[in-house]
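Scroll down for the structure; my scribbles are underneath it.
We did not get these values from a lab; they are worked out from the coordinates using the rules stated. Just so we're clear, the structure is a prediction, and the values are computed from it rather than from any experiment. Ideal geometry is used to build each Cβ from the backbone, glycine not excepted, and the neighbour counts take in all protein chains shown.
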Amino acid sequence: MASFEIQGNEFVYDGKPFRIISGAMHYFRIVPEYWEDRLIKLKACGFNTVETYIAWNLHEPKEGQFHFEGIADLERFIRLADELGLFVIVRPSPYICAEWEFGGLPSWLLADSDMRLRCSHQPFLEKVDAYYDVLLPKLKPLLCTSGGPIIALQVENEYGSYGNDKRYLEYLRQGMINRGMDVLLFTSDGSEDYMLQGGTLPSTLATLNFGSKPEQAFEKLLQVQPDKPLVCMEYWNGWFDHWGDEHHVRGYDDVKDVLDRILRMGASVNFYMFHGGTNFGFYNGANHIDFYEPTVTSYDYNALLSESGDITDKYLAIREVIAQYADVSDEHLPPPSVKRAYGEVQLTERAMLFPSFDQISSPIQSVVPETMERLGQDYGFIWYETELSGPQPNCEIMLQDVHDRALIYVDGIYQGVVERWHEGDPITVNVPPSGAKLGILVENMGRINYGARMRDVKGITEGVKAGARLYNQFLFNWTIRCLPLDDLSGIQYEQISAATDDKASEYSGSPAFYKGTFEVHEAADTFLKLEGWVKGAVFVNGFNLGRYWEKGPQKTLYVPGPLLREGGNEIVIFELQGTKKPVVSLQDYPELG
């Protein structure tokens, strides 16, 4: 057992002064086979602590159903850090931001239209309590007071950027204490006055999140907390990317300079991120400042380690700075991991989505187009279908509202796309006298993870209108299909023959699953390039790598070596809008923009 506490303006571990030099990496963004490699590199850089969030939606995907295996084996990750001689900071707050889907909150919270998030709304607190009753007992034996490596826990995350409900903050804090969390508790916020006013508690260590100007930031912190250690809980040494944006890069000279100034002030620091990893599956988040912006699959973050875990020039530069303030091992750094180019892979089989509906979903009848959350769906896609009466020449289809991107079909023929972030003209169709079937395929591109718009339900959120612009009507009586794409085993494929391939234009705009196989003689990291594909998701040996989109900036998907097996490997691509050449390539380098 050990103690980690505050004495005056410094931390003390078992009676000795201690400065936190920490790096962030999220176990849920790294395949478990690579946890040890990343932690070894973190320690070799001079860090004495690793910090991680805990993603509630990963651990309780359905209410009352908990998951702590595989990539969700939090306890194993923490024990591994302990075995390597690292301390651990854990941020188990219900909300984590992190550019992660819904900021880590489980989407099933939104099935209750009256749910109020991140405040002392009793139904929300009851859900948090049920989660903490399962989670926190798992952390108890891992606390430093129990002989483990955890020295500190976060109460809430950047709460001052969202609200000012001190009863809520105190409820979380007391809930942790009541469940045996007897280590240092802290909050983290930006350095604006209102953020510190709304997000801090008198009885809890306040820490700051920033990427530059440490002197000004800490001056603000000292105004509200003059007698405690200075901590930058998130030193943003890189940044994340949105689809359609540029890839963000921050030079290491600037990062070195700010770190040196932080350490010169005697402050503790946590690098956000030391290693970013990947938003596997459909777990990417989104932002909404002026408009909705979904985050890309890669969470490389221009961090000290690359997405695939390799040491960067920034890593080496930061190691030099840390060595001026702390002991850094002079052992040789590990070499880069092996990367392999497996070449082109031909997708030889195809299954069109619409004929495959019964193999992967069940129809739901509803008067109105319900949201995903009301139907118990978390991620993926959702299909809405209804009848259009005819004749209706120049019939405008208006979605009110769509979250996030909808492909419109009439009698199975693609008509156009409606995107949440783009105020375009309505889709205009000609309905024959016999009428037609209207189909709408909506993609959930990631729930908002930060700010005031977090009640981000997915699908068609209000209704669909059809008719002339000034004379239209709501459409009722829908058939809905939930398409989470979490089980593709029932799909029946057909061979793509030369004859069908010549009809590629026939499939333009038609969503389909493409399947192929490739041989691996020695499994290693590789990067999937999707030249000529438009938008969709990729599954390798059943594992959802995440989304791709031709608009970039990301042009490759990271395929960790542990996902591959020697011999035959399967790749399935769900392509939304068709490809003329069903071929991909596996190369030995990433293209992030």
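Using the Cβ-Cβ distance between Ser146 and Phe291 with R0 = 51 Å, the FRET efficiency computed as 1/(1 + (r/R0)^6) comes to roughly 0.60.
Near the amide H of Gly380, within less than 5 Å, lie the amide hydrogens of Asn444, all on another chain or at least 5 residues away, with H placed in the peptide plane. For the range 65-107, the set of GluC sites (Glu not before Pro) satisfying both a DSSP loop assignment and a count of at most 15 other C-beta atoms within 10 Å is given as Glu69. The residue among Val90, Cys144, Val155 whose Cα reaches farthest toward the positive pole of the charge dipole of the range 23-165, with charges on the beta-carbon of Lys, Arg, Asp and Glu, is Cys144. Dipole orientation for the range 184-268: of the candidates Asn237, Gly251, Gln216, Gln216 has the Cα lying most toward the positive pole (charges on Cβ; Lys, Arg +1; Asp, Glu -1). Could you give log10 I(q)/I(0) at q = 0.10, 0.14, 0.20 Å⁻¹ for the range 33-181, computed by the Debye formula over C-alpha point scatterers of equal weight, without solvent? Normalising to I(0) and taking log10 leaves -0.36, -0.70, -1.33. Once a ≥ b ≥ c are taken as the square roots of the eigenvalues of the Cα gyration tensor of the range 51-119, is the result rounded (a/c under 1.5), prolate (a/b larger than b/c) or oblate (a/b not larger than b/c)? Taking the square roots of the gyration eigenvalues as a ≥ b ≥ c, the range 51-119 is prolate. Using 0.36 nm per residue and subtracting the Cα-Cα separation, the extra length available between Trp421 and Glu219 on full extension is 68.9 nm. A DSSP coil position with no more than 14 other Cβ atoms inside 10 Å describes the following chymotrypsin sites (Phe, Trp or Tyr not before Pro) in the range 276-343: Phe291.
Here the calculated FRET efficiency for Met115 and Ser585, from their Cβ-Cβ distance with R0 = 56 Å, stands at 0.80, rounded to the nearest 0.05. Counting only lysines at least 8 places from Lys213 when in the same chain, those with an alpha carbon closer than 16 Å to its own are Lys256. Here the Karplus relation 6.51 cos²θ - 1.76 cosθ + 1.60, evaluated at θ = phi - 60°, turns the backbone of the range 289-305 into coupling constants of 9, 8, 7, 6, 9, x, 7, 6, 5, 5, 10, 3, 6, 6, 7, 5, 9 Hz, with x for every Gly and Pro.
Close amide H partners of Leu347, meaning residues 5 or more places away or on another chain with modelled amide H under 5 Å apart, are Val583, Val584.
Of the GluC sites (Glu not before Pro) found in the range 180-255, those that fall in a DSSP loop while having at most 14 other beta-carbon atoms within 10 Å are Glu192, Glu246. The HN-Hα couplings worked out from phi for the range 22-30 by the Karplus form 6.51 cos²θ - 1.76 cosθ + 1.60 (θ = phi - 60°) are 10, x, 8, 8, 9, 3, 7, 10, 9 Hz, whole numbers, x standing for Gly and Pro. Taking 7 Å steps out from each Cα toward its Cβ at Lys256 and Thr517 produces label points 5.2 nm apart. Three principal axis extents describe the C-alpha atoms of the chain; from largest down they are 83, 55, 39 Å. In the chain, the sites counted are trypsin sites (Lys or Arg not before Pro) in DSSP loop states with at most 12 other Cβ atoms within 10 Å, and the longest stretch holding none of them, exclusive of the sites, is 1-468.
Across the range 56-95, Cα-Cα pairs farther apart than 15 Å form 50% of the total.
Projected label points at Ser212 and Gln359, each 7 Å from Cα along the beta carbon direction, are separated by 5.3 nanometres. Considering only the Cα atoms of the range 521-593, their convex hull presents on average a projected area of 4.6 nm². Rounded to the nearest 20, the Cβ-based charge dipole of the chain about its Cα centre (Lys and Arg +1, Asp and Glu -1) stands at 560 debye. Figure legend: label point modelled 7 angstrom from the Cα of Gln324 along Cα→Cβ; residues of the range 224-255 with amide N under 14 Å from it are 253-255. Overall form of the range 291-348: oblate. Here a/c, set by the Cα gyration tensor axes a ≥ b ≥ c, is 1.5 or more, and a/b is not larger than b/c.
Extending 7 Å from the Cα toward the beta-carbon at both Glu396 and Ala341 defines two label points whose distance is 5.2 nm.
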